[in-house]
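The values are calculated or read from the model by the stated rules, or taken from the named source; none is laboratory data. Keep in mind that this is a model prediction, so the values were computed, not measured. Methodologically, a virtual Cβ is constructed for each residue, glycine included, from the backbone with ideal geometry; neighbour enumeration extends over all protein chains shown. For accessibility, only protein heavy atoms count, side chains too; no ligands or nucleic acids. Shrake-Rupley method; radii C 1.70, N 1.55, O 1.52, S 1.80 Å.
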Amino acid sequence: MALALILIDLQEWIVERYAPDGGIAAAQTAEQARRSFRESGNLVVHVRHLALDGSDGGPDSSTTRFVDAVTVEDGEPVVNKYDRSAFAGTPLDSMLRDHVVRDVVLAGLVTEGGIASTAIDALRLGYKVSVLLPAIAGNTPEGHHSTLDDLRDRGVTLQERI
């Protein structure tokens, strides 16, 4: 296996607070990508942002739950993170390496936060990185576009289709 889809922060509270205009549409497209990757035998990883102090109720809290548009099927790992990047202080890198993943496709929320920081860390770790444009959303249109320009300049592929 050489390819993985990483679904980042597709949680109710993040949509409501940081991506109210495009978060649900991004989640719906991310779900289509999840099904496609799963059917192709590729790894799908869900990443959930939690508060380090537990003030959000933890991983089983209604506050931190994933949006209804996205399914977590058996065999799809969930990585809990406490920082912007899905790699910071998590087992994500070793999980990907155990599955012989070399290329990652990112989808989720938000462009200026979890997507950008995870993409930059993935590049630093030697992965080929793509961002699935229809399956991401930003805080603001300006921030979204300038972050995508920066990611493209760093070598991230901006992918229009699943």
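Brief remarks follow.
- Percent of Cα-Cα distances greater than 19 Å, calculated over region 5-96: 39
- Solvent exposure of the chain as accessible area per residue, Å², 1.4 Å probe: 47
- Total formal charge among the other residues, if their Cβ is under 11 angstrom from that of ALA122, Lys/Arg +1 and Asp/Glu -1: +1
- 16 Å reach of a label modelled at SER40, 7 Å along Cα-to-Cβ, counting backbone N of region 118-157: 128-135, 157
- A simple rule links phi to the HN-Hα coupling: the Karplus curve 6.51 cos²θ - 1.76 cosθ + 1.60 with θ = phi - 60°, which for region 119-135 gives 4, 5, 5, 4, 4, 4, 7, x, 7, 7, 10, 10, 10, 7, 3, x, 10 Hz, with x for Gly and Pro.
- Each residue of region 40-55 is assigned a 3J(HN,Hα), and the resulting list reads 7, x, 8, 6, 10, 10, 9, 10, 10, 8, 10, 7, 4, 8, x, 5 Hz, derived from the Karplus form 6.51 cos²θ - 1.76 cosθ + 1.60 (θ = phi - 60°), x at Gly and Pro.
- If you take all other residues with their beta carbon under 10 Å from the beta carbon of GLY23, and give Lys and Arg +1 and Asp and Glu -1, the sum is -3.
- Only beta bridges with both residues in the chain are counted; by DSSP, about 5 percent of them are antiparallel.
- Phi-derived couplings, Karplus 6.51 cos²θ - 1.76 cosθ + 1.60 at θ = phi - 60°, listed residue by residue for region 56-61: 8, x, x, x, 9, 7 Hz, with x used for Gly and Pro.
- Summing charges over all other residues whose Cβ lies under 14 Å from the Cβ of GLU142, with Lys and Arg as +1 and Asp and Glu as -1, gives -4.
- The convex hull built on the alpha-carbon positions of the chain has an orientation-averaged projected area of 8.4 nm².
- Mean shadow area of region 63-123 over all directions, Cα convex hull, nm²: 4.8
- Carbon + sulfur, % of accessible area of the chain - ligands and nucleic acids excluded, 1.4 Å: 46
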